[in-house]
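Shown next, in structure tokens, is the structure this report addresses.
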Amino acid sequence: MRTHYCGDINETLIDQTVTFSGWVHRRRDHGGVIFLDVRDREGMVQVVFDPDTPEAFATADSVRSEYVVQITGRVRGRPAGTTNANMKTGMIEVLGKEIGILNKAATPPFPLDGYTDVGEDVRLKYRFMDLRRPEMQEKLRFRSKVTSHVRRYLEANGFWDFETPILTRATPEGARDYLVPSRTHEGSFFALPQSPQLFKQLLMVSGFDRYYQIAKCFRDEDLRADRQPEFTQIDIEASFINEDDIMGIAQGMIKEIFQQELNVDLGDFPRMPYAEAMNRYGSDKPDMRIPMEIIDVAEFLQDIDFKVFSGPAKDPKCRVAALKVPGGAELSRKQIDEYTHFVSIYGAKGLAWIKVNELEKGVEGLQSPIIKFIGDDNTMKIMEKLGAKNGDIVFFGADKTKIVCDALGALRCKVAADLNMYTSEWAALWVVDFPMFEENDDGSITSLHHPFTAPIGSPETMAKDPLNALSRAYDMVLNGTELGGGSIRIHDQDMQQEVFRALGISEEEQREKFGFLLDALKFGAPPHGGLAFGLDRLIMLMTGAQSIREVIAFPKTQSAACVMTQAPGEVSNTQLRELHIKLREKAKPAAAE
């Protein structure tokens, strides 16, 4: 039905006859001459119909936006003064000789000829129309190019592509599972995989040495801009390697993709221990484009009467820290109040501040409601430690360590975005030496990554002091976003059982949930490790999109629903009976008095 795509028609085809098909992007009637801009996935071409071809002219006159057409015509150069250097086809046009309407179209629910400020709910309801927009097509085309690049790179490095099961067993990986009831096993459920973790480890036990998969994963968790209930991972695993080996392979892949697809050299990837990242930046995925650090100031505040500061300053589980914002003294009280509300999202009870107006005047040159509580001498010592200068503002956090890190770490990123404080376009690093476990409020412990991550040291050392044990885990971070995370895995059965015991998993539960893994580890499992990249996040960053929903063909909403297909939906009682499921009756609303 075509000899060329619309976007591939160019000056080399002048005076040739071409046939192409696509959608009418725009129709214009200029004094008896009809212009159609016709669009397909490769771009757009301008077609001219004049009255010399009455039948084609009449048909062109009848078409409307988004009609599907087939056109045959002769390529010619555009008249002088009408060329468009911003279009691939901007030097030519097609003189239409024949046009057929392949399908008519109703009026689109929103304009497709450029950016329109239409609500996301409408865009997602009519996603098949939204995806016709050139900017959306370009994002998904770019995604396809990156996945092809990933496959070529990994296969050139000896990785084989294997598929792992989608219907599997629930495993503890930090989020809720999507459960699938079994019709043939009454009362039993499959789980959709949060990752292919255990299966890729079993492939290493099986001797395949290097595995990769562009895998669908599922997590039933609260959503945000960079999360979806179903998402895509670039999943890799290799045997007989250490941290440097797998990190080198992963780093090489990302650097090559950025270089070839964006002409960006990401440079060196420095390594930073987790403890340093949390202490200096309040985050395990610090944005290194931002020239601000969080500084501890508890030493100056332990002996004051103001318990908001002195209490946390004396508590080893708490932190008192400051964030100096260069040039931030220009912030209005309204903006400071907005930042105070912002940090409350992370559990902070308030946001103390000091504006530095004229530091040479001592405390007289400072503006703040808290100086009278912390004292003149302490205030000036804090300013000295922070290296404060005129025009700065200093924000303070005093609470449990996690709350202070989360609040000031997030504030650091928000202020930098608001004040455009970035010092570079891209900044990558590895965060390493993660804690093996973290403590819950009830005193129990959970894995910081997952329970199959190898600790540094022996099983005995880890068991004696699990909360101070470090893991052989590593995360790749780019511009404050975790691109990928991985670890060297446990390949020894004794070590795996010791980790399970540290997590409070009984011997019976170990056998019930992980018996197949423990059996595999005792039959000669090789040392192995791997990493998984979030493909959606990677494409979001590379295209400058604000949400991963912009780079997924058919994403879910913030409430994990598909407004286009109305999923999830109800099923019939017959289906429920076959699955041995009975739904609870919905609570009836209380009657009005």
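Determine if region 571-578 includes at least one residue that is within 30 Å of residue 460 (Cα to Cα), without any contact (Cβ under 8 Å) to a residue 60 or more places away in the chain, among the basic types (Lys, Arg) and part of a helix (DSSP H, G or I). So far as region 571-578 goes, no, none of its residues is within 30 Å of residue 460 (Cα to Cα), without any contact (Cβ under 8 Å) to a residue 60 or more places away in the chain, among the basic types (Lys, Arg) and part of a helix (DSSP H, G or I). The set of residues in region 352-386 that are touching a residue at least 60 places away in the same chain (Cβ under 8 Å) and under 19 Å from residue 415 (Cα atoms) contains only 386. Looking across region 439-469, the residues that are in a strand (DSSP E or B) and over 21 Å from residue 248 (Cβ atoms) come down to 439, 445, 446, 447, 455. Within region 1-52, the only residue that satisfies the criterion of being hydroxyl-bearing (Ser, Thr, Tyr) and touching a helix residue (DSSP H, G or I) at 6+ places or on another chain (Cβ under 9 Å) is 21. Scanning region 245-278 for residues that are within 17 Å of residue 534 (Cβ to Cβ) and polar (S, T, N, Q) yields a single hit, 251.
Of the residues making up region 470-490, just one is within 16 Å of residue 238 (Cβ to Cβ), part of a loop (DSSP other than H, G, I, E, B) and of a type outside the set (Lys, Arg), namely 490.
Within region 153-164, the set of residues being part of a helix (DSSP H, G or I) and either surrounded by 14 or more Cβ atoms within 10 Å (Cβ to Cβ) or not assigned by TED's automatic domain parsing to the domain that holds residue 253 (or both) comprises 153, 154. For region 413-438, taking the residues that are of a type in the set (Asp, Glu) and in a loop (DSSP other than H, G, I, E, B), the one that is surrounded by the most Cβ atoms within 10 Å (Cβ to Cβ) is identified as 433.
Residue-wise test of (1) of a type outside the set (A, V, I, L, M, F, W, C); (2) in a helix (DSSP H, G or I); (3) outside the structural domain of residue 23 (by TED's automatic domain parsing).
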site: 113; (1), (2), (3): yes, no, yes
site: 117; (1), (2), (3): yes, no, yes
site: 123; (1), (2), (3): yes, yes, yes
site: 136; (1), (2), (3): no, yes, yes
site: 148; (1), (2), (3): yes, yes, yes
site: 151; (1), (2), (3): yes, yes, yes
site: 166; (1), (2), (3): no, no, yes
site: 170; (1), (2), (3): no, no, yes
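Does region 471-482 contain any residue that is in the same structural domain as residue 241 (by TED's automatic domain parsing) and farther than 30 Å from residue 265 by Cβ? Yes; the residues of region 471-482 include at least one that is in the same structural domain as residue 241 (by TED's automatic domain parsing) and farther than 30 Å from residue 265 by Cβ. For region 403-458, taking the residues that are over 19 Å from the mean Cα position of the chain (by Cα) and among the acidic types (Asp, Glu), the one that is nearest to residue 480 (Cα to Cα) is identified as 418.
Matching residues to (1) farther than 26 Å from residue 131 by Cα; (2) among the hydrophobic types (A, V, I, L, M, F, W, C):
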site	(1), (2)
35	no, yes
45	no, yes
63	no, yes
73	yes, no
84	no, no
108	no, no
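Kindly indicate whether any position in region 347-357 is of a type in the set (Phe, Trp, Tyr), surrounded by 14 or more Cβ atoms within 10 Å (Cβ to Cβ) and more than 19 Å from residue 418 (Cα to Cα). No, the conditions are met nowhere in region 347-357. Taking region 123-171 as the range and being over 30 Å from residue 191 (Cβ atoms), of a type in the set (A, V, I, L, M) and more than 23 Å from the chain's Cα centre (by Cα) as the test, the residues that pass are 129, 156. Within the span defined as region 533-555, every residue fails to be of a type outside the set (S, T, N, Q), within 27 Å of residue 214 (Cα to Cα) and more than 29 Å from the chain's Cα centre (by Cα).
Tally the residues that are closer than 30 Å to residue 258 by Cβ and touching a residue at least 40 places away in the same chain (Cβ under 8 Å), restricting the search to region 101-137.
Number of matching residues: 8.
Can residue 271 be described as of a type in the set (Lys, Arg) and in contact with a strand residue (DSSP E or B) (Cβ under 6 Å, 6 or more places away or on another chain)? Judged against the criteria, residue 271 is a match. Among residues that are in a loop (DSSP other than H, G, I, E, B) and within 41 Å of the chain's Cα centre (by Cα), residue 82 is not included. Of all residues in region 138-168, those that are among the charged types (D, E, K, R) and within 21 Å of residue 211 (Cα to Cα) total 6. Of all the numbered requirements in (1) surrounded by fewer than 14 Cβ atoms within 10 Å (Cβ to Cβ); (2) over 25 Å from residue 571 (Cα atoms); (3) modelled with pLDDT under 95, residue 188 misses one, and that requirement is (2). Counting the residues of region 240-270 that are within 16 Å of residue 425 (Cα to Cα) and in contact with a Gly (Cβ under 7 Å, 6 or more places away or on another chain) gives 0.
The values are calculated or read from the model by the stated rules, or taken from the named source; none is laboratory data. Just so we're clear, the structure is a prediction, and the values are computed from it rather than from any experiment. All Cβ positions, even for glycine, are placed from backbone atoms using ideal geometry, and neighbour counts span all protein chains on display.
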